[in-house]
Amino acid sequence: MKPLAHVLFALVLAALQSAILRWVGGGAFSVALLAACIVYLGLHGGNVDGSVGAAGIGYVLDLVTGSPKGLMTFLAVLLFVLARAVNAAVDVRSRGGFALLSGGGALVISLGALVLTRLTSAPESAPGIGLVPRMLLEAILTAAAAPLLYPGLRRVDRLFHREEHGLLR
Amino acid sequence: MFALLRRYRELILVAVLLVVPLGVYFAHARKPSERSKLDRAILWLTTPVERSVGWAVSGGLRSWNGYLALRHARETATELLREVNLLKMERQQLLSERAEVERLRKLLGFAQESPARKYVGARIVGVRLAPAGLQLLTIDRGTEDGVERMMPVVVAEGVVGRVHGVSAHTADVLILTDRNSSIATVVERTRARANVRGMGKPDACKLDYALRVEDMIEGDALVTSGTDGVFPRGLPVGKVTKLERFQHGLFQEARVVPSVDVTRLEEVLVVTAWERTAEILPAAYAPGHEQ
């Protein structure tokens, strides 16, 4: 149930993101809030529910970005693994660290999609390096917005947290 | 074998979650894939959220533009209203000045028509047109400016009157519609002589001493004859109207509509010197007379 809750949260977030970006900037820039969700799962989720949740969010990303099926799912799980690896090496607890990782995660997803799409696309329609500055901006904006998502993600987590009453009394 | 699988099940799950989507991607990357019913259903779920956000944002913008952004509108409107009033006043002043310039240009043109005459321009500073007394205009020129009694006062449209009383800096002009004013005129068309006398009201005079036998019709223009020794020749005085010629008597009667509307005058010219013909000058002042 927990991965499903995260996927639903990601779905609502994706809708909010697209609606807000329509009014703010009108598409001049973008953010990747779902990358922050995946990073959160990598930092705070378990191996199983986290990876399944990340795959689910990747599926949602596939849907909302209109990319070929499997691309974003793969990249989401990859980001989950990377976040987990970083968390194993460095104990990330602060919101600043979460923001930094979210920005990096957004960049990983964008660059990964760029590389994989270049591999499979015809040369004339392959995405170019010229998109990188836009990806960097997206990563920065994602890092800036990620701390705002943190309370929401914590709240979703708490829905499935079992308190054992009486242990401390 | 199962123990191995159980031991690394989480790792295997993650690997599967990595490999399968990648395989799906490479399998479908080169051909466009259609969205399944599940995809469409999931995307449909996002629609209410997007609409709600759109509704909230547009509502917020409407509120902002319709109410909050207008919080200084009253002050702005007041300021603009003040500015509009100032501009209206300024425009009115400019229009007034333009009219004045037109009038002065006309007067100047009239003054330049007869180089032999000398004029002093004056502004009307007072009006006394009460029916009980004399019909007088006060001008802002007096003896200091060369104005003397009996000098003719004119505008481009015609005769206004003559100087009646004069002080150092002002003068009273007895206008042609005063009962005591009588101006020697001729009918411009036939040169028939008659006097124009005021009736005490500013819009009408009457014709005096117009012989019954003289050729005169309504609408005839009357100009100064110059024979009264006060007004130069040829200045418009008025037009004949309500002409009555009786079977008996010496004279015919008529009303005269003055050429000048004395109630609307603002500037006038005082004729200080003009060409006097020998025939109208008293013998003592005639050229060649030796005392």
Cβ charges +1 (Lys, Arg) and -1 (Asp, Glu), total dipole of the range B:1-109, debye: 480 debye
Enter the Cα centre distance for the pair the range B:226-264 and the range A:123-145, rounded to the nearest angstrom. 99 Å
Cα centroid distance between the range B:99-119 and the range B:1-54, in Å? 99 Å
Kindly flag which residue pairs out of A:LYS69/B:LYS31; A:LYS2/A:LYS69; A:LYS69/B:LYS37; B:LYS118/B:LYS206; B:LYS118/B:LYS201 have an alpha-carbon separation exceeding 18 Å in this structure. A:LYS2/A:LYS69; B:LYS118/B:LYS206; B:LYS118/B:LYS201
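Roughly how large, in nm² to one decimal, is the mean projection of the convex hull of the alpha-carbon atoms in chain B?
Details: hull surface 163.9 nm².
If I average the Cα hull's projected area over directions, I get 41.0 nm².
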Could you work out what % of the accessible surface of the range A:1-115 is carbon and sulfur, using a 1.4 angstrom probe and leaving DNA, RNA and ligands out of the count? 72 percent
Tell me which of A:ALA126, A:GLY112, A:TYR59 sits at the most positive position along the dipole axis of the range A:52-169, charges placed on C-beta atoms (Lys, Arg +1; Asp, Glu -1). A:TYR59
If I fit a long axis through the Cα atoms of helix B:9-28 and take the longest principal axis of the Cα atoms of chain B, what angle between them do I get, 0 to 90°, rounded to 10? 60 degrees
Roughly how big is the range B:119-181's charge dipole about its Cα centre, with Cβ charges of +1 (Lys, Arg) and -1 (Asp, Glu), in debye to the nearest 20? 160 debye
Expected field for B:GLU275, accessible surface area in Å² at 1.4 Å probe radius, rounded to 10, holds 80 Å²
Share of pairwise Cα separations in the protein assembly as shown, more than 40 Å, in percent: 56 percent
Quick query: amide H of B:LEU129 versus all other amide H atoms, modeled in the peptide plane; which residues come in under 5 Å with a sequence gap of 5 or more or a different chain? B:LEU136
May I ask you to rank B:GLU100, B:GLU218, B:GLU50 by accessible area, largest first, using a 1.4 Å probe over the protein chains only? B:GLU218, B:GLU50, B:GLU100
Using Cα springs under 10 Å in a Gaussian network model of chain B, which residue among B:LEU174, B:LEU136, B:LEU211 shows the largest mean-square fluctuation? B:LEU211
dims of the range B:138-250, Cα set, principal axes, largest to smallest, nearest Å -> 52, 24, 21
Residues with beta-carbon under 12 Å from that of B:GLY200, excluding B:GLY200: net charge, scoring Lys, Arg +1 and Asp, Glu -1? +2
Leaving out ligands and nucleic acids, and using a 1.4 Å probe, what accessible area per residue does the protein assembly as shown come to in Å²? 59 Å²
Between 0 and 90 degrees, rounded to the nearest ten: what's the tilt of helix A:71-89 against the longest Cα principal axis of chain A? 50 degrees
What's the Kirkwood radius of chain A in Å, using all Cα pairs? 16.4 Å
Diffing the range A:45-50: the Karplus 3J(HN,Hα) column from phi (6.51, -1.76, 1.60, θ = phi - 60°), in whole Hz with x for Gly and Pro, holds x, x, 5, 6, 5, x
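Could you tally the net charge around B:SER58, taking each other residue with its Cβ under 14 Å from the Cβ of B:SER58, Lys/Arg +1 and Asp/Glu -1?
Charge balance in the 14 Å sphere: +2.
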Kindly write out, for the range B:138-144 in residue order, the coupling ³J(HN,Hα) from the Karplus curve 6.51 cos²θ - 1.76 cosθ + 1.60 (θ = phi - 60°), rounded to whole Hz, with x marking Gly and Pro. 9, 10, 8, 10, x, 4, 4
Please list the non-local residues whose amide H lies under 5 Å from the amide H of B:PHE251, H modeled 1.01 Å from N, same-chain partners needing a gap of 5 or more. B:ARG212
Which percent of the accessible heavy-atom area of the range B:21-93 goes to carbon and sulfur, probe 1.4 angstrom? 62 percent
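Going by accessible area, probe 1.4 Å, with all protein chains left in place, what is the ranking of B:LEU86, B:LEU43, B:LEU207, largest first? Kindly include the intermediate steps, with their values, before the conclusion.
Values: B:LEU86 105, B:LEU43 35, B:LEU207 10 Å².
Per-residue accessible area, sorted high to low, gives B:LEU86, B:LEU43, B:LEU207.
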Put A:PHE74, B:PHE2, A:PHE98, B:PHE251 in order of accessible area, largest first, 1.4 Å probe: what do you get? B:PHE2, B:PHE251, A:PHE74, A:PHE98
In Hz, Karplus ³J(HN,Hα) per residue of the range A:135-152 (6.51, -1.76, 1.60; θ = phi - 60°; x = Gly, Pro): 5, 5, 4, 4, 5, 5, 5, 5, 4, 5, 8, 4, x, 5, 7, 3, x, x
The answer for the net charge of residues other than B:VAL173 whose Cβ lies under 14 angstrom from its Cβ, with Lys and Arg +1 and Asp and Glu -1, is -2
Taking H as built 1.01 Å from N, whose amide H comes closer than 5 Å to the amide H of B:VAL160, not counting residues under 5 places away? B:VAL153, B:VAL154, B:VAL155
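The values are calculated or read from the model by the stated rules, or taken from the named source; none is laboratory data. Quick caveat: nothing in here was measured; it's all calculated off a predicted structure. Using ideal geometry, Cβ is built from the backbone for each residue, glycine included, and neighbour counts are taken over all protein chains shown. In case anyone asks, the SASA skips ligands and DNA or RNA and just uses the protein heavy atoms, side chains included. Shrake-Rupley method; radii C 1.70, N 1.55, O 1.52, S 1.80 Å.
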